[in-house]
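A short worksheet on the structure shown next.
The values are calculated or read from the model by the stated rules, or taken from the named source; none is laboratory data. Every value quoted in this text rests on a predicted model; they were computed, and no experiment measured them. Quick reminder, even Gly has a Cβ in these numbers, built from the backbone with ideal geometry, and neighbours come from all protein chains shown. Remember, those area values only see protein heavy atoms, side chains included, never the ligands or the DNA or RNA. Shrake-Rupley method; radii C 1.70, N 1.55, O 1.52, S 1.80 Å.
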Amino acid sequence: MLHSPSSGRIICTGLGPGDPDLLSVRADRLIRNARHVAYFRKAGRTGEARRIVSGLLASDVVEHAMEYPVTTELPVDSLAYRNTLATFYDDWTNRLVELAQTQDVVVLCEGDPFFYGSFMHLHIRLQGRVAVEVVPGIPGMVGCWTATGLPITWGDDVLTVLTGTMSEAELVRHMRVADALVVMKTGRNLPKIRSALAAAGRLEAAWLVERGTMPGQQVSRLVDTQDAECPYFAIVLVHGHGRRPEATVEPCL
């Protein structure tokens with residue numbers, strides 16, 4: 001089914017890991033020229049996406065704050081959580097489609113829209129209803145491993161990306177076999193992630209990067225940190241140590 005004719009589009013711009021200087025040239029141009037801007041945020045908060053573009057928006061831009069009806073108040077695997085968010089995404093899909101009948105709407109998304117981005121829930125609902133474009137962004141994990149000053153992978157290292165919302169048993173299973181690790185959605189899941197790393201024998205090598213590339217960035221070894229009040233924008237990393245071209249000295253006989 002093709003989308004109905006309209007003179008507007010929905011353009012999702014990836015904002016990168018948090019530092020406005022890491023926006024792509026294309027995303028920066030689209031944001032500065034936008035007449036309508038939509039972004040996700042927790043109720044009562046400014047929203048990280050909105051913070052990143054502060055100072056870039058036109059003075060007469062119309063803002064559409066898409067406020068989540070629920071974040072951590074319900075278990076993510078509960079029927080109530082799924083139904084509440086499904087209704088939320090359905091509602092905003094309809095609103096954006098209506099706006100896009102006459103004008104472009106720029107939707108802001110931290111990191112890359114197709115890498116755990118909330119926009120993907122809108123994207124699947126928008127298909128066949130309106131023209132949609134997606135501008136990729138630097139994923140947040142890239143900004144975080146760069147902040148450690150160490151390469152995340154070498155040679156043939158296998159990088160595994162996990163989420164802190166997984167069960168501890170599943171985390172341990174993946175952590176034991178991966179060469180390099182990224183654990184996203186940390187926050188209140190940090191104690192479980194720490195326990196899983198210890199069980200997998202990877203705790204000593206783990207790093208915690210809080211608010212990577214953002215104001216207040218903190219980089220530390222996980223063993224040197226506490227679990228209290230870990231922010232949502234935090235990522236746990238374990239660097240790989242794979243193949244690399246280094247000279248080998250022949251032993252003297």
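Pull out a ≥ b ≥ c, the square roots of the eigenvalues of the alpha-carbon gyration tensor of the range 14-73, then state rounded if a/c is under 1.5, prolate if not and a/b is larger than b/c, and oblate in the remaining case. Note, shape of the range 14-73 comes out oblate.
Three principal axis extents of the chain based on alpha-carbon atoms, in descending order, are 80, 42, 39 Å.
In a fully extended conformation the segment linking Val70 and Gln101 would gain 8.3 nm over its present Cα-Cα distance, using 0.36 nm per residue. Mind checking the angle between helix 168-177 and the chain's longest principal axis? C-alpha axes, 0 to 90 degrees, to the nearest 10. Rounded to the nearest ten degrees, it is 60. If you average the alpha carbon positions of the range 110-132 and of the range 202-218, how far apart do those two centres end up, in angstrom? Centre-to-centre (Cα) distance: 28 Å. Between Arg29 and Asp91, the simple spin-label model (points 7 angstrom out along Cα→Cβ) gives 3.6 nm. One equal scatterer on each Cα of the range 76-118, no solvent, Debye formula: the resulting log10 I(q)/I(0) at q = 0.15, 0.17, 0.24, 0.29 Å⁻¹ is -0.52, -0.65, -0.95, -1.00. The residues of the chain expose on average 53 square angstrom of accessible surface per residue, using a 1.4 Å probe on protein heavy atoms.
Of Met175, Met166, the order by accessible heavy-atom surface (1.4 Å probe, DNA, RNA and ligands excluded), from most exposed downward, is Met166, Met175.
In terms of its C-alpha gyration tensor, the range 145-253 has a prolate overall shape, because the principal axis ratio a/c (a ≥ b ≥ c, square roots of the eigenvalues) is not below 1.5 and a/b outweighs b/c. For a paramagnetic label modelled on Thr160 (point 7 Å from Cα along Cα→Cβ), amide N atoms under 20 Å away belong, within the range 201-242, to 201-209, 222-223, 235-242.
With the simple model of a label 7 Å out from the Cα in the direction of the Cβ, Arg9 to Thr153 spans 3.0 nm.
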